[in-house]
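Notes for the one structure printed next.
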Amino acid sequence: MKKMILTIGGSSSKNSINKKLAEYAGSLLKNVEVVNIDLNDFEMPLFSVDVEAEKGYSKATTDLNRIFDKTDGFIISLAEHNGAYSTAFKNTLDWLSRIEGKVWRNRPMLLLSASPGIRGGKSVLDIALGKFPFMGANIIGNMPFPLYAENFKEDEIVNAELKEALVKLVKEFEKVL
């Protein structure tokens, strides 16, 4: 049976550069089933303990949690909003962590971030590198992807150094699946 890998772009933007980067990285994998998750397909109420106590978990939350249960690994590309996670991603993470504290199930993860700026989302990447292991992430590799509009065109990485670095990371990720 083929391994299943989830790609998640950490943004609710319809044209998310992080969704595109995560899906591109997923397309480089061989002999696995890649499932691309769009946060817009799992809309959840704004997290609060009061909402949780009154209404419990939404169907979207339990559905996504079940998908996480079945996956063998994650490729996550985080959007950086004011130096941190996007609200949509953080809210999803908050809800999922209430069901399963080890959200990432101790599964392998390739962690990316893309931005239009020179740092490539490095601030949010650093936050995730510090936090995700406590939430059960087995981070195999990570990479900021800077100057997205210059380096990713027509569904392809056009910067040879960045492409080579990502291909290398994907191969390392593949080895542990």
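Throughout, read-outs are computed from the coordinates displayed, never taken from laboratory work. Here the structure is a predicted model, which is why all the values come from computation and not from measurement. Cβ placement follows ideal geometry from the backbone for every residue including glycine, while neighbour counts extend to all protein chains displayed.
Laid out as a table, the results:
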quantity: Qualifying positions in region 108-148 - among the small types (Gly, Ala, Ser) and either closer than 19 Å to Ser86 by Cβ or out of contact with any strand residue (DSSP E or B) (no Cβ under 8 Å at 6 or more places or on another chain) (or both); calculated: Ser113, Ala114, Ser115, Gly117, Gly120, Gly121, Ser123, Ala128, Gly130, Ala137
quantity: Residues of region 38-77 classified as without any contact (Cβ under 8 Å) to a residue 24 or more places away in the chain and β-branched (Val, Ile, Thr), total; calculated: 2
quantity: Matching option when the condition is surrounded by fewer than 15 Cβ atoms within 10 Å (Cβ to Cβ) and within 16 Å of Ala114 (Cα to Cα), among Asn18, Asn82; calculated: Asn82
quantity: Positions within region 78-102 being charged (D, E, K, R), over 23 Å from Glu23 (Cα atoms) and without any contact (Cβ under 8 Å) to a residue 40 or more places away in the chain, in sequence order; calculated: Glu100, Lys102
quantity: Meets criteria (assigned to a helix (DSSP H, G or I), surrounded by fewer than 18 Cβ atoms within 10 Å (Cβ to Cβ) and either among the charged types (D, E, K, R) or under 17 Å from the mean Cα position of the chain (by Cα) (or both)) for Asn40; calculated: yes
quantity: First in region 155-177 and closer than 17 Å to Met109 by Cβ, second anywhere and hydrophobic (A, V, I, L, M, F, W, C) and in a loop (DSSP other than H, G, I, E, B), Cβ under 7 Å, 6 or more apart; calculated: Val170/Leu28; Val170/Leu29; Glu174/Leu29
quantity: Criterion violated by Thr62 - all others in (1) farther than 21 Å from Arg107 by Cα; (2) among the polar types (S, T, N, Q); (3) assigned to a helix (DSSP H, G or I) satisfied; calculated: (1)
quantity: Number of the condition not met by Met135 [criteria: (1) surrounded by fewer than 21 Cβ atoms within 10 Å (Cβ to Cβ); (2) under 16 Å from Ala79 (Cβ atoms)]; calculated: (2)
